[in-house]
Amino acid sequence: MNPANRNTASTPASALRDFLASEAAGGIILMVVAALALTIANSPLADRYFHFIHAVTGPVLSPKLGPMTVHLWINDGLMAIFFLLVGLEIKREFVDGHLATWADRLLPMIAAAAGMALPAAVYLFMAGGDPALVRGWAIPAATDIAFAIGVLALLGSRAPASLKLFLTTVAIVDDMGAVAIIALFYTTSLDLVALGAAVLIWLAMLAMGRLGVARLWPYLILAALLWYATLLSGVHATIAGVLAAFAIPLRRSIATPDAEDSLLHRLEHLLARPVAFAIVPLFGFANAGVSLQGVGFDTLLAPLPLGIALGLFIGKQIGIYGSVRLCVKLGFAARPRDANWLQIYGVALLCGIGFTMSLFIGGLAFTDAAQADAVKIGVLMGSVLSALSGYCLLRFGARTRAANGYNGG
C-alpha cells in the first residue's frame with residue numbers, strides 16, 4: 001500500500017495516527033517550553049534557573065559523570081526513555097510500518113542521508129578546520145521530529161497527509177543515523193567489564209523474546225540494568241534505550257497499537273504521551289536556556305554558532321529537497337502523493353529544525369560553558385529560521401501558487 005493512502009480521516013485509529021497526533025501537540029508544547037526557558041534565562045530569575053538545573057540531586061552513579069544533577073538525570077536518565085521510544089518507532093516502522101519494504105525505504109533513506117551529510121559539510125566548511133570545533137560536525141545533522149510535526153500541525157489541511165508521513169519517515173531514519181553517530185563518534189573511553197555486562201544483559205533480553213516471554217516487566221527490569229551497565233561502560237547511556245527497544249518482541253498487528261500479543265506496540269503506546277508531554281519538554285526546558293547578555297553580531301557570526309545555524313538552515317534544505325528531486329527525476333521513487341514541489345521544499349525547510357537532537361549532540365560534543373552556550377545559540381538560530389521559513393512557505397506560498405494554477409509538475 002502506498003504510505004500516502006494510509007491514515008486518512010476515514011481510517012480507524014492506528015499507532016501512527018496516535019503518534020502523529022501526540023507528536024504534533026508535544027511539538028507545540030516544546031516550542032512554548034523552549035521560549036519559556038530562554039525568557040527565564042534572561043530575566044531576574046536566571047540565577048535560580050541555572051542553580052536548579054545544575055543542583056546536585058543524587059549519588060555518583062558513574063565516576064565519569066560525578067554526582068548526579070538535575071541536568072544529568074534529564075539528559076542521561078529520562079532521555080534514555082526518549083531513545084527507547086525512538087528505537088521502538090524505528091523497529092516498528094522497519095518491520096510493520098511505512099519502511100517495511102525497500103521501495104518504501106529508498107526515498108526517506110536517501111533524503112535522510114543527504115540531509116545529514118550536507119549540514120555536516122556546511123558546518124565543517126564554516127569551522128575552517130579548527131580542531132577545537134571539528135567535534136561539533138554532527139550537531140546540525142539531526143531533525144527534531146516533535147518540533148517539525150508541531151509546526152506542520154499548525155498548517156492544518158494546508159499540508160497533505162503525504163507530507164506528514166514523508167516528514168515522519170525521513171525523521172525516523174534521521175534519528176537512526178543520529179543514534180549511530182552518538183554511539184560511534186561520541187564515545188571517548190570504554191570500561192570493557194561494564195560493556196561486557198551490557199552485552200550479556202542485551203543478549204538475555206533477546207533470548208527472552210526468542211523464548212516467547214510475553215510480559216513487559218521482565219524486559220523493563222533488564223532495560224534498567226542495561227542502562228546502568230551502559231552508563232558505566234563509557235558509551236552514552238541513552239544508547240541503552242535503543243538497544244532495549246530492538247530487543248522488545250514485535251508481532252505484526254497493523255492499526256492495533258494495543259494488541260495484547262504485540263509487546264512493542266503496547267510499550268510504544270504507553271510511552272508516546274509521557275515522552276511527548278513530559279520528557280521532551282523537560283529536556284527542552286533544561287537545555288534551551290542560554291543567557292543572551294552581551295551577545296552581539298560578533299557572537300552570532302562566530303564559526304561555531306554560525307556553522308550550526310547555516311548547517312541546519314542551508315544544509316538541510318539543500319540535502320533533502322535536492323535528493324528528493326534527483327530521486328524522482330531518475331525514477332528511483334515517486335513524489336509524495338498530493339504534494340507539489342513547493343510543499344516538498346517547505347517540508348525540507350522544516351527538517352532544519354534540529355532542536356532536541358541537535359542540543360543533545362551539542363552537549364556531548366562540547367562541555368566548555370562558553371562553547372555550550374554558542375551551540376545553543378546556533379541551534380536556536382537555525383531552528384527558528386527553518387521553522388519560520390518552512391511555515392511561511394507552506395502557509396502562504398503554496399496557496400499563492402495554487403491560485404495561479406501551479407500544480408507542482
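Only a single criterion out of (1) of a type in the set (D, E, K, R); (2) surrounded by 15 or more Cβ atoms within 10 Å (Cβ to Cβ); (3) within 20 Å of residue 100 (Cα to Cα) is not satisfied by residue 191, namely (3).
Tell me which helices (runs of 4 or more DSSP H) are completely within the stretch 100-216 and hold 2 or more residues being at pLDDT below 90, or say none if there are none.
102-127, 145-154, 161-185
Quickly run through the stretch 63-98 and pick out the residues that are assigned to a strand (DSSP E or B) and either within 30 Å of residue 172 (Cβ to Cβ) or at pLDDT 85 or above (or both).
Listed by number, the residues that qualify are 67, 68, 69.
Residues in the stretch 330-349 that are assigned to a loop (DSSP other than H, G, I, E, B) and open to solvent by less than 40 Å² (accessible area, probe 1.4 Å): 333, 336, 339, 340.
Taking the stretch 245-263 as the range and being modelled with pLDDT under 85 and either within 15 Å of residue 213 (Cα to Cα) or not small (Gly, Ala, Ser) (or both) as the test, the residues that pass are 251, 252, 254, 256, 257, 258, 260, 261, 262. In the stretch 56-69, the condition of being open to solvent by 40 Å² or more (accessible area, probe 1.4 Å), within 14 Å of residue 248 (Cα to Cα) and not aromatic (Phe, Trp, Tyr) is met by no residue. Cβ-Cβ contacts under 7 Å between residues 6 or more apart (or on different chains), taken from a first residue in the stretch 304-321 that is without any contact (Cβ under 8 Å) to a residue 60 or more places away in the chain to a second residue that is open to solvent by less than 50 Å² (accessible area, probe 1.4 Å), are listed as 321/344; 321/348. Taking each residue of the stretch 158-185 that is without any contact (Cβ under 8 Å) to a residue 40 or more places away in the chain and at positive phi and looking for partners that are of a type in the set (Val, Ile, Thr) and surrounded by fewer than 24 Cβ atoms within 10 Å (Cβ to Cβ) with beta-carbon atoms closer than 8 Å, six or more apart or interchain, yields nothing.
Residue 128 - would you say it is under 16 Å from residue 350 (Cβ atoms), of a type outside the set (S, T, N, Q) and surrounded by fewer than 24 Cβ atoms within 10 Å (Cβ to Cβ)? Spelling it out, it is not the case that residue 128 is under 16 Å from residue 350 (Cβ atoms), of a type outside the set (S, T, N, Q) and surrounded by fewer than 24 Cβ atoms within 10 Å (Cβ to Cβ). Give the residue that is modelled with the lowest pLDDT, with candidates limited to residues of the stretch 350-409 that are aromatic (Phe, Trp, Tyr) and open to solvent by 50 Å² or more (accessible area, probe 1.4 Å). Per the criteria, the residue is 406.
Within the stretch 316-329, identify whether any single residue is touching a Pro at 6+ places or on another chain (Cβ under 6 Å), among the small types (Gly, Ala, Ser) and surrounded by fewer than 24 Cβ atoms within 10 Å (Cβ to Cβ), and answer yes or no.
Within the stretch 316-329 (the criterion being touching a Pro at 6+ places or on another chain (Cβ under 6 Å), among the small types (Gly, Ala, Ser) and surrounded by fewer than 24 Cβ atoms within 10 Å (Cβ to Cβ)), the answer is no, since none of the residues qualifies.
Residue count for the stretch 157-168 under the criterion of being under 20 Å from residue 276 (Cβ atoms) and open to solvent by 30 Å² or more (accessible area, probe 1.4 Å): the result is 2. Within the bounds of the stretch 100-107, is there any residue that is open to solvent by less than 60 Å² (accessible area, probe 1.4 Å), more than 15 Å from the chain's Cα centre (by Cα) and closer than 26 Å to residue 308 by Cα? Yes, the stretch 100-107 contains at least one residue that is open to solvent by less than 60 Å² (accessible area, probe 1.4 Å), more than 15 Å from the chain's Cα centre (by Cα) and closer than 26 Å to residue 308 by Cα.
Assessment of the stretch 231-242 against the conditions (assigned to a helix (DSSP H, G or I), in contact with a Leu (Cβ under 6 Å, 6 or more places away or on another chain), of a type in the set (S, T, N, Q) and open to solvent by less than 60 Å² (accessible area, probe 1.4 Å)) yields at least one matching residue. Selection of the stretch 44-55 for residues being exposed (fewer than 12 other Cβ atoms within 10 Å of the Cβ) and assigned to a helix (DSSP H, G or I) yields 47, 48, 51.
The values are calculated or read from the model by the stated rules, or taken from the named source; none is laboratory data. What you see is a predicted model; the values in this text were computed from it and never measured. Positions of Cβ are backbone-derived with ideal geometry, glycine not excepted, and every protein chain shown enters the neighbour counts. When the accessible area is computed, the model is the full protein with side chains, heavy atoms only, and any ligands, DNA or RNA have been set aside. Shrake-Rupley method; radii C 1.70, N 1.55, O 1.52, S 1.80 Å.
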